[in-house]
Structures are given as structure tokens and as C-alpha cells.
Amino acid sequence: MRVETPTAVRLEGVVRRYGELEAVRGIDLTIGRGDFFGLLGPNGAGKTTTLAMICGLIDPTRGRILIEGDARRPLAGATKRKLGLVPQEFAFYPTLTARENLAFFGRIYGLAGHRLRERIDAVLNIAQLQERDREPITHYSSGMKRRLNIAIGLLHEPEILILDEPTVGVDAQSRSAILETLRKLNRDGTTVLYSTHYMEEAERLCNRVAIIDQGRVMATDAPRELVRALAAGLIELQLGVPATADFLTSLRQLGTVELPGPDAMTLTVSSLQPEVALPELLGLAQAAGLPIRRLHLLEPNLEAVFLALTGRQLRD
């Protein structure tokens, strides 16, 4: 008999509007306790707005958000203490040292005395900043600042850690350190909700992901299941001139054709037999007199899944 994982966070029909702009358009999500859950999509997809609603920084226009079963708004104090937020923007005082910043935020969390000192030492160790803890933050690299952001979010030992693009603008070494830190926290029992547009990070870390674009969830599953179902045999074709109607009709005999733009110059073909479809596609283009600027057979990964679902490149 399958045992259901307790739910940490649940979104039910969540909508958020800013005037006429609908930034989030009816999202349903369930994040299990202990999940490393990735919220994946390009900039402007609605990821940050969704995280802000989960944390109680803004309220949904419509719908419900439950944190460990609690749907009250504003968030109750006990519920707030279960959440740790690591925003995309740096959230500390740059003229202070790391230790001074942590002491300040620790007191906001209600920590004091020996317990505060103990937690500061613990998170400095997690963030690998203990040897630079008495330097002003202005001396820190971008990677060190990102790690301090995470350390602040971990001070009060949250059960659910929410991170918004925590590796943007950092070097490869710092990125690796951040990802390893998050993996260990998750192994130790912390539920992690991780927003990113780096699909390779999600494949490396997440047991479940939701792909979001233009305020909607396009698909939710384990990364390997999404890849297996949606990414095999995806051919991307860029033409020098718009495709003709006859060419598109012939192309649809090879598989499903998606046209992401209005000019019919970039298209994708999803085929169960890409090794057969590829030479036939080349022959059809040549017969139609259509010059090919770029032809790419996508590897079966989450970025190919995103392209299959949305018809456009993730980093557009």
C-alpha cells in the first residue's frame, strides 16, 4: 500500500493580479514534506510572485495557499517560523560584517544569548564564511553574498526553505558550494522550494519540479518522468524564410509541429523516430526551397521539455 507524503505547501487555484496584469493565472501545486521541489521557468514567468504569496508578503487575488494545512492570512506567527526565505535580491546591510548581520536578523527571529551565538556559528559554517565573518560585506564576492543570504534564511532553523534564484550571478565554485549545501539540508529533512531558470540545477537537485510559463503551470512531475514523456525526439529548426503551408502540411506527417512565433521561421518537430524524421525533414526543406539557418536535435533534458511545452527557448 502506498503511503502518502504529508503536504508542506499547497496552492489551490491561486491567481494574482496587478491591475489589468494577471501575473499568476490559477496555479495548483502540492509540495510534499521533505521534497526538493523546483519551480522552473524564465524571468517573468510568475515564479517570484508565487513565492511571495507563499511567504505571505503579498496575498492572492483569488485562491488558497496552505502551509502545513494552515490557510490563514495574514500568516500566523507559528506558521511564519516554519518558513525561511532567501530572496533573489541581497537582503542584508553591506557596511556590517557577516556576524553583525546575522546577530541583527537573529534577534528579529527572537534568538538571543547562547542560542543566538550557537546559531550564528552554525550557519556561518554551513555557508563556509566562518573565516571571513568579521569583514564588511562590501569586501565579499557575489558568491559569498549569496551564501550569506542563505545563512540568514537558515538562522531560525526553518522547516521549509524557499529560495528565489539563489545562484544568479555567481561563479562556478560558489554555485557548486551552494547546491551542495542545499542538497545536504534537504537530506537532513528540510523541505526546499527552489525557483530557478537553470534547468541543469533542477535536474541535479530536485525530486519534483513544476514548469511555469506566463503565470501558468505547464507540467509537474519528477524530472526524469517529464523527460521520458515529453523530451524524446525533439528537433528544432530555424529557417531563413517563413515556412510555406505545403511544407508545414508535409512536416506534420513526421510528428507534432509547434510554431512558437507568428512568422513560421522557427519551429519544433516532436517525433517518436527522430533518426528517421531528421533526414526526411532535410529533404522536405530542400524540395520546398527553404534555406535552413539552424538545425538542432535537443538532448532529452528539462530544457527540451520546456521547449516542447511552450514552443520557446527557456532563456528568451
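Values in this text are rule-based calculations from the coordinates and carry no lab data. Since the structure is predicted, the reported quantities are computational estimates derived from the model, not experimental observations. We place every Cβ from the backbone using ideal geometry, glycine too, and count neighbours over all the protein chains shown.
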Which FRET efficiency, nearest 0.05, do residue 248 and residue 73 yield, Cβ-Cβ r, R0 51 Å?
-> 0.55
Where labels lie 7 Å past Cα in the beta-carbon direction, separation of residue 297 and residue 25 in nm = 3.4
Counting other Cβ atoms within 10 Å, which trypsin sites (Lys or Arg not before Pro) in the stretch 131-162 have at most 14 and lie in a DSSP loop?
-> 134
Pull up the DSSP beta bridges for the chain and report the antiparallel fraction as a percent, rounded to 5.
-> 65
Helix-derived [θ] at 222 nm for the chain: sum -39500 (n - 2.57) over DSSP H runs of at least 4, divide by residue count, nearest 500?
-> -10500 deg cm²/dmol
In whole Hz, with x marking every Gly and Pro, tabulate ³J(HN,Hα) for the stretch 171-186 from phi via Karplus 6.51 cos²θ - 1.76 cosθ + 1.60, θ = phi - 60°.
-> 6, 4, 5, 5, 4, 4, 5, 5, 5, 5, 4, 5, 4, 5, 4, 5
Out of 54, 7, 32, whose Cα points farthest toward the positive end of the dipole of the stretch 4-73 (charges: +1 Lys, Arg; -1 Asp, Glu; placed on Cβ)?
-> 54
Cα-based helix-to-principal-axis angle, 98-108 vs the chain, degrees rounded to 10 = 80
On average over all directions, what projected area in square nanometres does the chain have, based on the convex hull of its Cα atoms?
-> 19.9
Give me 176, 195 ranked fewest to most by other Cβ atoms within 10 Å of their Cβ, as a rough exposure proxy.
-> 176, 195
Rounded to whole angstrom, the alpha-carbon centroid of the stretch 161-188 lies from that of the stretch 106-151 at a distance of 15
Rounded to the nearest 0.05, what FRET efficiency do residue 200 and residue 141 give with R0 = 22 Å and r taken as the Cβ-Cβ distance? Could you check?
-> 0.50
Check cross-link reach from residue 82 to the aspartates and glutamates: straight Cα distance under 16 Å, and skip same-chain residues fewer than eight apart.
-> 35, 68, 70, 157, 159, 188
Each label sits 7 Å from Cα toward the beta-carbon; between residue 130 and residue 7 the label points are separated, in nm, by 4.1
Taking R0 as 41 Å and r as the Cβ-Cβ distance between residue 43 and residue 114, the FRET efficiency 1/(1 + (r/R0)^6), rounded to the nearest 0.05, comes to 0.45
